[in-house]
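Bear in mind that the values in this text are calculations on the coordinates, not laboratory data. In this text the structure is predicted, and so the values were computed from the model without any measurement. Methodologically, a virtual Cβ is constructed for each residue, glycine included, from the backbone with ideal geometry; neighbour enumeration extends over all protein chains shown.
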Amino acid sequence: MSYETVREADPAVADALEGERGRQNDTLAMIASENHVSEAVMEAQSSELTNKYAEGYPGERYYGGCEYADDVEELAIDRAKELWGADHVNVQPHSGSQANMGVYLGVLEPGDKILSLDLTHGGHLSHGHPANFAGQVYEVEQYKVDEETGYIDYEGLHDHAEEFDPDIIVSGYSAYPREVDFERIQEAADAVDAYHLADIAHITGLVAAGVHESPVGVADFVTGSTHKTIRAGRGGIIMCDEEYADDIDAAVFPGSQGGPLMHNVAGKAVGFGEALAPEFEQYAQQTVDNAVALGERLKEHGLSLVSGGTDNHLVLIDLRPSHPDTTGKEVEEALEEAGIVLNANTVPGETRSAFNPSGIRAGTPGLTTRGFDEDACREVADLIYKVVDAPHDDDVVAEVSDRVDEMTNEYTLYE
Ligand SMILES: *Cc1c(COP(=O)(O)O)cnc(C)c1O
């Protein structure tokens, strides 16, 4: 995409946009929640639909002139139904957090109880952290992973549910490298007559492609993001059975949002269409194969992975066993200097702070979009290890940076 017109109108913004394109082209995006969409998705997102008010839903809008808005929203909905096999889909949430908000508002009353995974164990702010509205409006208790194994403590969750008697149990996580057993969590929810919200924000694409078990048809509500493992542009989505359709739709609009971002809904339609093509299954499988290869090589270097490995698109490295004096933030900063962009992350049993935690999280969705295979990811693991082992050695960082330059030139991204 060219920013010629922006440049003419506004050189300062054009500088920033071109800077960002250059940054994405020239670095390895390994933040597990990030990816790179196609030019087609970006073009749809920058369409005239940004001008259009379309409050309501297809065929029942509060404004005139919505025939094309209806077309794109219907395309997005139909494609989503095909991708995930859901009865009812709402494609209007502006983000994954707002999708969760839609579910809470749709079926809970203020003061109701949420049982969700602890943030430092891989949960998400929108699952009831005190800094998020969900933690302020609802009563929240949190379950944990087993700190020995790194896996969800399903039995502990079951017991916790019996004790706390929640109105809703939230599954689905931000920094959990293993397959989630949604059926097992559904059993815990059934035992206490609670709703089950499966938030698949991170694995939306993996579930669509069938490389991760699906909670659709198991959990009452499934929320997702459209920009992590599926490349449909920034946004959220809610799926549920027909019986909850009206409550969910009303909670999104007018409950918590105004006019939908129809240009983003158009991006979702295009990205979902791309994900229906057979190549998407290969992409999703390659994303997982790449994460496994990355993790195995990191382990060969002596690094410790939470849960010992991965089943999905991300690995979580606990630096404490191998590098007790090195923090996640130090490694994040040194790696960014070398052109590998990922994030410091808390680990189960965290002994430092959330701002300077003991772990780093690394994902493969972005690298896989660039065309990286397992061999390339093993080499990336070698590069990461070099920096983890010597984050303050300028020569090492420079050497890794040179190799990253070569790799990003070989696996090109945006023109
Ligand atoms: C990323 C994520 C979300 C959505 O985040 P937004 O930034 O609001 O789109 C929701 N839940 C989980 C578990 C996530 O990891």
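Peptides 137-144, 220-227, 149-156 ranked from most to least packed by the mean count of surrounding Cβ atoms within 10 Å: 220-227, 137-144, 149-156.
The phi-based Karplus calculation (6.51 cos²θ - 1.76 cosθ + 1.60; θ = phi - 60°) puts the 3J(HN,Hα) values of the stretch 148-156 at 6, 9, x, 8, 3, 8, 5, 5, x Hz, whole numbers, x for Gly and Pro. Among 39-45, 87-93, the peptide with the highest mean count of other Cβ atoms within 10 Å heads the list, and the full ranking is 87-93, 39-45. Stretched out straight at 0.36 nm per residue, the stretch from D402 to E67 would grow longer than its current Cα-Cα span by 115.4 nm. Rounded to the nearest whole Hz, the Karplus-based 3J(HN,Hα) values (6.51 cos²θ - 1.76 cosθ + 1.60, θ = phi - 60°) of the stretch 13-25 follow the sequence 5, 4, 4, 5, 5, 5, x, 5, 4, x, 4, 5, 5, with x at glycine and proline. Pairs exceeding a 26 Å alpha-carbon distance, out of K299/K329; K81/K144; K268/K299; K144/K386: K81/K144; K268/K299; K144/K386. Post the alpha-carbon centroid distance, the stretch 295-351 to the stretch 164-223, in whole angstrom. Going from one Cα centre to the other spans 26 Å.
Taken about its Cα centre, the stretch 281-410 carries a charge dipole of about 600 debye when Lys and Arg each add +1 at the Cβ and Asp and Glu each add -1 at the Cβ. Taking amide hydrogens as placed 1.01 Å from N in the peptide plane, the amide H of H129 sits under 5 Å from those of G135, each at least 5 positions away in sequence or on another chain.
Here the dipole of the stretch 51-195 is about 740 debye; that uses its Cα centre as origin and unit charges on the Cβ of Lys and Arg (positive) and Asp and Glu (negative). When the Cα positions of G233, A250, F164 are compared along the charge dipole of the stretch 43-275, G233 comes out farthest toward the positive end, with charges on each C-beta of Lys, Arg, Asp and Glu. Peptides 99-110, 375-386 ranked from most to least packed, by the mean per-residue count of other Cβ atoms within 10 Å: 99-110, 375-386.
Sorting H127, H313 by the number of Cβ atoms found within 10 Å of their own Cβ, with the fewest placed first, yields H127, H313. Remark on the chain: Rg and Dmax equal 21.4, 63 Å (Cα only).
Does the stretch 56-170 come out rounded, prolate or oblate by the C-alpha gyration tensor, with a ≥ b ≥ c the root eigenvalues, rounded set by a/c under 1.5 and, if not, prolate when a/b is larger than b/c and oblate if not?
Cα axes put the stretch 56-170 in the prolate bin.
Converting phi to 3J(HN,Hα) with the Karplus coefficients 6.51, -1.76 and 1.60 and the offset θ = phi - 60°, the stretch 103-120 yields 5, 4, 5, x, 10, 10, 10, x, x, 5, 9, 10, 10, 9, 6, 3, 4, 6 Hz in sequence order, with x at every glycine or proline. Annotation for the stretch 87-159 versus the stretch 1-43: alpha-carbon center distance of 33 Å.
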